[in-house]
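Quick note: the coordinates plus some simple rules give every number you see, no bench work behind them. Note that the structure is a prediction, hence the values are computed from the model and not measured. Using ideal geometry, Cβ is built from the backbone for each residue, glycine included, and neighbour counts are taken over all protein chains shown.
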Amino acid sequence: MEMKIIDTVNMPTWALCSIYNGDNSGTTEEEDIMVESWERELLEYIQGEGYKHYSLDFDSGMETSFVNDPLFGLAADCVQVDIVAFK
């Protein structure tokens, strides 16, 4: 199976439960819409590049850091996440 890291992003910690577990209990409707839109656009992009699916890879023991311009644009505590695409 061919894989490629297509990007590394600063992922807000608030988004991780939603993305990994489908648990939106700690997010607002606006945040849910941002995450869903991002996931849809990411899937369209990787499929357009000839990949079938993706995974988000990060060290769960990694310390968070406050970032002013993370993914989704709202300053937040974040972890660095590799977006890995698979053929």
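Applying the selection to the stretch 45-87, what residues are closer than 19 Å to I6 by Cβ and small (G, A, S)?
Result: G48, G50, S55, A85.
Restricting to the stretch 17-44, name every residue that is part of a helix (DSSP H, G or I), farther than 19 Å from G73 by Cα and either touching a strand residue (DSSP E or B) at 6+ places or on another chain (Cβ under 6 Å) or without any contact (Cβ under 8 Å) to a residue 24 or more places away in the chain (or both).
Within the stretch 17-44, N21, L43, E44 qualify.
Can you find a residue in the stretch 45-57 that is part of a loop (DSSP other than H, G, I, E, B) and of a type in the set (V, I, T)?
No - not one qualifying residue is present in the stretch 45-57.
Would you confirm, using the coordinates I've provided, whether W14 is under 15 Å from G73 (Cβ atoms), in contact with a strand residue (DSSP E or B) (Cβ under 7 Å, 6 or more places away or on another chain) and assigned to a helix (DSSP H, G or I)? Walk me through how you get there before you give the answer.
Details: under 15 Å from G73 (Cβ atoms): yes; in contact with a strand residue (DSSP E or B) (Cβ under 7 Å, 6 or more places away or on another chain): yes; assigned to a helix (DSSP H, G or I): yes.
Judged against the criteria, W14 is a match.
From the residues in the stretch 23-68 that are surrounded by 12 or more Cβ atoms within 10 Å (Cβ to Cβ) and of a type in the set (A, V, I, L, M), which one is farthest from D82 (Cα to Cα)?
Top of the filtered list is M34.
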